[in-house]
Each structure stands twice: as C-alpha cells, then as structure tokens.
Amino acid sequence: MKTSEIRKKFIKFFESKGHVNLASSSLVPHNDNTLLFTNAGMVPFKDNFTGKANPKDKRAVTIQKCVRAGGKHNDLENVGFTARHHTFFEMLGNFSFGDYFKKEAISFAWEFLTKTLNIPKDKLYVTVHNTDQESADIWHEQEKIPRDRIFFRDDKDNFWEMGEVGPCGPCSEIFYDHGEEYTDPKADTSKCILDDENRYVEVWNLVFMQYEKYKEGKEIKRKALPKPSVDTGAGLERLAAVMQSVYNNFDTDGFQSIIKKIETISKKNYVDHPQMMRVVADHARSTSLLLSDGVLPSNEGRGYVLRRIIRRAVRYLDLLDVKETHFYQLVDAVFDSLSDNYTDLRANQQFVEKYLRLEEDSFRKTLASGLKLLNKEIENLKNNKLEILSGESVFTLYDTHGFPVDLTEMILSEHHLKADISEFNKKMEEQKKRSKADGDFSSDSKDLTPFYEIFEKNGATKFVGYESLESSSNLLKSISIGDKQCLVFNQTPFYAEGGGQLGDIGEIYQGNTLVAKVLDTKKLVENIFAHYVEIIKPVEEGKEYSLKVDKENRDLTKSNHTATHLLQAALIEVLGNHIKQAGSSVGPERLRFDFTHPEQVTKDQLKEVEKIINTQINKKISVHPKTMKKDEAMKLGAMALFGEKYGDIVRVIDIPNFSVELCGGTHVSNTSEISYFKILNEGSLSTGVRRIEALTNKGAFDLVSTKVSQLEELELELNTKGDKLFEKIKKMKEEISAANKEIKSLKDKIQTLNAKDMFDSVTTLSDGTKYTYIQAGPEDDIRKLGDLFMDKYPKGLVSITSSKGDKCMILIKTFDGNNSIDCSKILREIVTPFGGKGGGKKFMAQGSAPSSSLKNISSQLDGFSI
C-alpha cells in the first residue's frame, strides 16, 4: 500500500467517525514561543487541550507536518543510524477535545489498524502506563487482547509531554512485531519483550491528556485539565514500512524516489552507501519543508537549526564525492512525494531551491578548508594519544569555517574522539557571537487567563473598523497587565496589531467626556481585542462608551499598508517569483518590508520598482477587499504571508491586474489615496533576506520637499545650478582624493625617516632574533612600521603599540619560518587580562585593548624575552 493511500484511508476512516478533517499547520508553531518547531500533531491544538480555547469541532483528524531537530524532542543525531528516526515526518492524528476518551480512542485505533489496514492482530502488542489499569482492562475486555500482550511501563515510556510546559498525560502505545529475524541479541528484555526496539516498533500512541505543566517562578508544576481529552498519533513513515513489508522506513516509497535522485547525482549505489544516502534524503525533506514554511537559514533560533541540517547534508554529499552544489536538486523529488497532501509546496519550489543553493554555495566555500583543518587536528590528537579536541579549535571551525558544533562532534566521533564543549561555550560567551544557539523560546510571562475567560463568556470581539471609525461599545473588562491598563469591549472600530500593521490609536468617550486615550491595540489571545489605554477618568465595566479611532493615523497607515502590497508585486515583477514576504511593519510614518532575495537590489532595479508602484498609484485603481474560502482565494492566485496560519474563510485584498493577497489589515479604497511612493533605503537583514524602508503620502512629499530645499542650498553654496552642480561636486571629490594621496605619501616619508630613530634600540634574543618594542604615535601606521622593521631586520621580531582615544592598538610581527615565536598566542596572553581582543597568524597578529592598560602592556613588551 502506497504512502499516499494510507493518508487517504486514515482521513476517510476518521471522517466516518465524526471527525472534521483539518489541514496541517505550519512547522512554525503559531503564537507559541515555547517551541522551536511543530513536533507533534497536537501542537496546533494546545489551547484546546488546556481549556483556554473552546473549539467548535470536538473531534478532529489531521496529517501534521512535524520536525524534531531541536529542544526536548530532537532526533537529528539519530538520523541515518536507525531505521526509524527522522528530522521531518508526518504524524497521523485523531483528537477529542473533551468529547470521547479512552474507550473510543482505543476502539478507533484497533479498528483502523486491524480492519482498515488489515494488520494481523498477532503482530500487535500494547503498553499502558503503570498507573492506568483502566486502559489495560479496556484493551482486554473491549478488544479481547490477551493480558500477556499488554505491558505496564513507567513515565519514561508511557507518559507524554509536549515540552517543558504544556498539556501532558499517560499514554497507551501499540507496537508492531517485525519478526524474529530482527531480534537484537544485546537487548535486555527481562522486564518487557518490547524493550527490543529493533524487533518491536511503536506504530501508534494514544495520549490521554489529563494534565497541564506550567511554570510558577522557577518551578514546574502540574494541574488537572478541565476536560480530559485525547491526542493520538501514528508515524506515517512507520506505518508505511509495515504496509510495504519493509523493515527500514527509508526503504518505503516516501524516500526511495529521493534516494534514486541521490544515486544519480553521486553516481553511487544505495546498497553500498545506505547510511549516507538516508541522511541526505531525510535532510532534503526537512530543509525543503522548513524553507517552504518560511524558516530561513541564520545564526540563531530556528534558522540556525535549519542551517545545521543543511550543512550536515552537504557534508554527507561531500563524503559521497559530490563536490559541486547539488543538494537543491533534491527538492523536486521531495515535493513529488508530498505535494498531493500539501498542495502549497509547488508554489514555493523555486524559492526553496534558490535558498538551498545559496546556503550550500556559502558552506562549500569553507568546507574544504574546514575539513583540512579538522583532519590535521585529528591527526595531531592521534599522534599525541589524546582524545579531546580543544574548545578553541572547535570555535575556530565554527567561527571561521561555518562548522556547526554537532558537525564537528559527528566527524570526531567517527574517529572515536570528543570535543571540549565546555571550553567552546566559554569562547562563544567571550566573543558574544550568539547569545543562544537555539534562541530564547521561554514561556510567555503574561497571565492571559482573564482574556480567555472573556472569550469563553462573551465570544470574540466584533471588529467593525472596516466599515466605521466609531462605535458604541459595552466595556466587558478592565485588566491590568504589569503597569499597563487594558480595556476589552464587545465590539470595536480599533484595528489590533497584526499582519505587520500597527494597532490603532484614538480616544474613548462617555457622552461628551473623554475618559481614556487608546495608546495601542493588540490581540493578546485570538479574537479578543485589548485596548492599551491611559485612563483620564474612571471607567466602569458593563457601561456603554463611544470609541473613536484617530482618523489621520488610520489613513496614513492604510496608505502604507496598501503600498506594501504594491511593493511586493513590483519586486516580483522586477526580481522574480522567488520573492516572499519575510516580515513587515506598517505604521503611519513609514513602511518596512522584508523579503527573500539572495543579493543586493541595484539602484536601477529600485528605480524600476518605484516607477511601477507610482504608475499603479497614478492609475487610480479601485482596491477591492473580499471575503471568501481559502481554497477559492488560492485558486485566484492570492499570495499568503510566509508561515502565517489562516482559517477556512479569509479576507483578500484585490488590486485588479496587479496584486492579490490574503490580508486582514486596513487599506485605501483607491490607489490614488497613496499619492506618492518613495524608497528610503534597501539593505541586508540577514543571509538571503533584504529590507526596504519607504514612505508614502505626506511622508513622501515631506521628504521630497526637504531634498529640494537641500539641493537649492547646495546650489547657492557652490554657486552652480542644474547638471553642472554634479560635475562640480565630482571635480571637487577628485581634487580632495588627489590631495589626500599626497598627504599620505608625505606621512609615509616622514614615518620612514622617523623609523630609523625608532629602530636604533634593538636587542638580540637568546635564539639570535633581533627584537625591539616601539611605542608609536596616535597617527602612525603600525602595520607600515612593522613592514619597515622587517625590511631592515629580515630575521627580526617587533612589537608596536599606538594609543588613540580610549583604545590601544598592538601589533606583533616576525619573519615567516620563526618556529620559536607564535605572535597570535603572545598577543592573546598579553591583551586578554585587560579585556582586549585580537588574533592573526603565527608570524603576525594585531589586536586592541583599553588605553588604560597601555602602561602594563608596554612593560611586558619592552622586557620581552624567549
């Protein structure tokens, strides 16, 4: 049975049991900063289990994209070494939100496995938590499972937790017996035969969600959930192995098309290199899906995990003798195997391929040099009978050659060696290159309970701000959050921050009396609008108030928001279809738009973008907001925000014949209201992500007016007008440049003459090396002085300091081949105690330290000896 058929049968079965089929959520958890990635099918329903949300549908079925490559659930190191671990996998799940519980969950699982999939019952075994006699009895009495095929296990095996905090509960697992030929002779099965994980494989996990873990201060506590629920998960890849009569997940149809492509690229056979090809195939899936869901490679958080996976895959391709950039060529095979269920993948293929290629190109530039250095270090360790690579060497590989630490550790482990991670961490802290490898994904400290209670009691806040800037509203609750006060009404014209658009500001009245100023508007929980206010006069819950949005602020914000839609469409037209929105900020004063693009946008391209947008503004095009089903919007070609979660019904902003986007923000009714568009700047935000800041309307006109005034002043100052002004400025720059060259030449001559006196005091070290210490002036070029000394004393050693302001510069230089001196080591030993830094090579190093340390450093260098 093909993997695609298993998907269809699973959905069809649970729909027949009253479950609503919901699409997979993004791999980036929505509004949840406690997780790096969606790591299980239940993650999108976290609030449903805790009781914070009250779902319309009490039963759901999903096939959820999952990644386990960071945090509590991390399978990265096991990939390729086992038959069943993956960084990306698909989780089949059926859920009950306070509806059915153990009896029904057990019945559904057993029926699907033994009747729908026809898996023989004598191939299946069951486990339950050692406190859960109820589930054991249900398995035996309801499903007729013999007692000797039901095993009790402790928290380690049969208590499921999403993470450090969140829903949790005891679970019951179903295992498949792959057969006696897969018995692990080393497995200790004295307590339970299922401890032989080679032979017996978990294919289904029924989690009975009864508790929630939460943080109180530094302590993790647990409380009972208001309504016990069910979260069941089955790994699609494992079920596919069972249904296709293979032992290894990588031998199923979901992987084999990718592996065949790897065989073509590497010109090698899978049977000869199974482990390497499995790693590459797995990593091709996870990296392609993460990129498609909006995660971009970076040096922190999710982006860093993605970068690690890509570089790990490239290293294995290198072991397969693939020396050119080829990893991106696997994307097509990955999407072939998945796009029937995740229909948006193909739309992102060009983008995913582009970024994988960019990332691989970047890493390959340093891969060879890094491997050369690491292999040399490994050789030195073996020659000296050592087993641990220094943290400094690990840091050099990371900082200079882009080697993630786990890649270095993996290569070392192949030679039965280890890395000094403690020392590496100290180096990381000293250099402050990254505050945290996996970012800060701690729990949100705000207590949002009052907002959830409002939702439970009154439902969602009704937003009337598309139609009107004023409303008469009932005050439901006044809530303090820290030192801020929030008001929640039954309805509001105030737009809450979202989709990159800042929240509205304005005023609240009771009759004609101003009672509060609205400073910001946010949605702290879904569909509940919180108005951050400055209280002028006391307000009372249950009373009616007049809410008035600041019209000028809203109009300017609308102008900038519609302009971002025009900007994205124009960028796609000028630069290509790989352009994706990677973030934005839209307020009354300016707009900021982040987008995916691998290189700087040229001045000519920016001019073309501006021209296209202003043309659309001058065309006076009517802007049409529409509400429709998401599928219908996608068929119209509507663009969605990368990684954003949308409901079944979406709002679409249509600028006919130019732009169609899903967007819940506020917009102008006609492009002419934008008046004028002007780009302020364009620059790099991170690798592969660019940022444009721009102005519209009043802000753009004010900028142009200021620039014209400045130009007029410049013309007056230089007594030149029009085109001749630029010719004059160009000529003045050439004259200044020539004068600076002449000044530098004179300085060099003076320095050369002065150097003769500086070099008079030379001592001979014990090895015969000529040495001197020079305390140069603040304007002296210490590198030039170093070269002059070496010209005079080819077998010499020189130390030079120069102090300017609060910084002291230090240079230590000797001749190539001087094996008794390590300039870089000497420099670090001297400057580090004073909080200085520096580096270089064995024969020349340069660094800096606070000027206050000059006296101490000078005394050490002046009295230097071997």
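The values are calculated or read from the model by the stated rules, or taken from the named source; none is laboratory data. Everything quoted here is computed from the prediction, not taken from an experiment. FYI the Cβ positions are ideal-geometry reconstructions off the backbone, even for glycines, and counts take in every protein chain you see. Calculation scope for accessible area: heavy atoms of the full protein, side chains included, ligands and nucleic acids excluded. Shrake-Rupley method; radii C 1.70, N 1.55, O 1.52, S 1.80 Å.
Straight-line cross-link reach from residue 630 at under 16 Å between alpha-carbon atoms covers these aspartates and glutamates, not counting any fewer than eight positions away in the same chain: 344, 644, 648, 654, 661. The listed peptides 15-24, 212-221, ordered by packing as a protection proxy, come out as 15-24, 212-221 (highest mean of other Cβ atoms within 10 Å first). Taken as Cα centroids, the range 79-100 and the range 370-402 sit 38 Å apart, rounded to the nearest whole angstrom. Overall, the accessible surface of the chain at a probe of 1.4 angstrom is composed of carbon and sulfur to the extent of 47 percent. Mean separation of Cα pairs under 8 Å and 6 or more residues apart, divided by the residue count, gives the range 564-624 a relative contact order of 32 percent. Stretching the chain fully between residue 164 and residue 620 yields a gain of 158.8 nm (0.36 nm per residue, less the alpha carbon separation). Backbone phi angles across the range 213-218, fed through the Karplus curve with coefficients 6.51, -1.76 and 1.60 (θ = phi - 60°), yield HN-Hα couplings of 8, 9, 9, 10, x, 9 Hz in residue order; Gly and Pro are listed as x. Beyond 25 Å in Cα-Cα separation lie the following of the pairs 580/607; 543/629; 9/121: 543/629.
If amide hydrogens are placed 1.01 Å from N in the peptide plane, which non-local residues have theirs closer than 5 Å to the one on residue 580? When sequence neighbours closer than 5 places are left aside, the close amide H contacts are 596. Subtracting the Cα-Cα distance of residue 453 and residue 726 from their residue separation scaled by 0.36 nm leaves 91.7 nm.
Between residue 795 and residue 369, the C-beta separation translates, for a Förster distance of 35 Å, into a calculated FRET efficiency of about 0.70.
For the range 545-588, backbone nitrogen atoms closer than 18 Å to the point 7 Å from residue 599 Cα along Cα-to-C-beta are found at 571-580. Multiplying the residue separation of residue 388 and residue 535 by 0.36 nm and removing their Cα-Cα distance gives an extension gain of 46.6 nm. The spacing between the range 729-748 and the range 756-812, judged by their C-alpha centroids, is 28 Å. Near the amide H of residue 491, within less than 5 Å, lie the amide hydrogens of 462, 474, all on another chain or at least 5 residues away, with H placed in the peptide plane.
Computed from the C-beta positions of residue 379 and residue 141 and an R0 of 60 Å, the FRET efficiency is 0.40 to the nearest 0.05. A simple spin-label model places the labels of residue 421 and residue 577 4.3 nm from each other, with each point 7 Å out along Cα-to-Cβ. The helix-only estimate of mean residue ellipticity at 222 nm for the chain, built from DSSP H runs of length n ≥ 4 each weighted as -39500 (n - 2.57), is -12000 deg cm²/dmol after division by the residue total.
Using only Cα atoms, locate the centre of the range 501-521 and the centre of the range 600-657, then give the distance between them in Å, rounded to an integer. Cα centroid to Cα centroid, the span is 31 Å.
What you get for the chain, charging only the Cβ of Lys and Arg (+1) and of Asp and Glu (-1), is a dipole of about 1260 debye around the Cα centre.
Between amide H atoms placed 1.01 Å from N, distances below 5 Å from residue 652 occur with 626, 627, 628, 663, all of them 5 or more places distant or on a separate chain. So what is the relative contact order for the chain, in percent, with contacts set as C-alpha pairs under 8 Å and at least six apart? The value is 7 percent.
What's the FRET efficiency of residue 514 with residue 670 using the Cβ-Cβ distance as r and R₀ = 30 Å, to the nearest 0.05? So the FRET efficiency works out to roughly 0.35.
Figure legend: label point modelled 7 angstrom from the Cα of residue 685 along Cα→Cβ; residues of the range 295-322 with amide N under 16 Å from it are 295-304. Heavy-atom accessible surface of the chain, averaged per residue, reaches 48 Å², computed with a 1.4 Å probe. Site pair residue 1 and residue 264 shows an inter-label distance of 3.0 nm when each label is modelled 7 Å from Cα along Cα→Cβ. Taking label positions 7 Å along the Cα-Cβ direction at both residue 468 and residue 275, the computed distance is 7.1 nm, reported to one decimal. Checked against a 23 Å cut-off, the cross-linked pairs 8/261; 103/221; 65/156; 65/123; 2/323; 749/784 give Cα-Cα distances beyond that limit for 8/261; 103/221; 65/156; 65/123; 2/323.
The protection proxy used here, the mean number of other Cβ atoms lying within 10 Å of each residue, ranks peptides 222-232, 532-542, 409-419 as follows, highest first: 222-232, 409-419, 532-542. Working ranking of peptides 204-211, 391-398 by packing, defined as the average number of other Cβ atoms within 10 Å per residue, highest first, is 204-211, 391-398.
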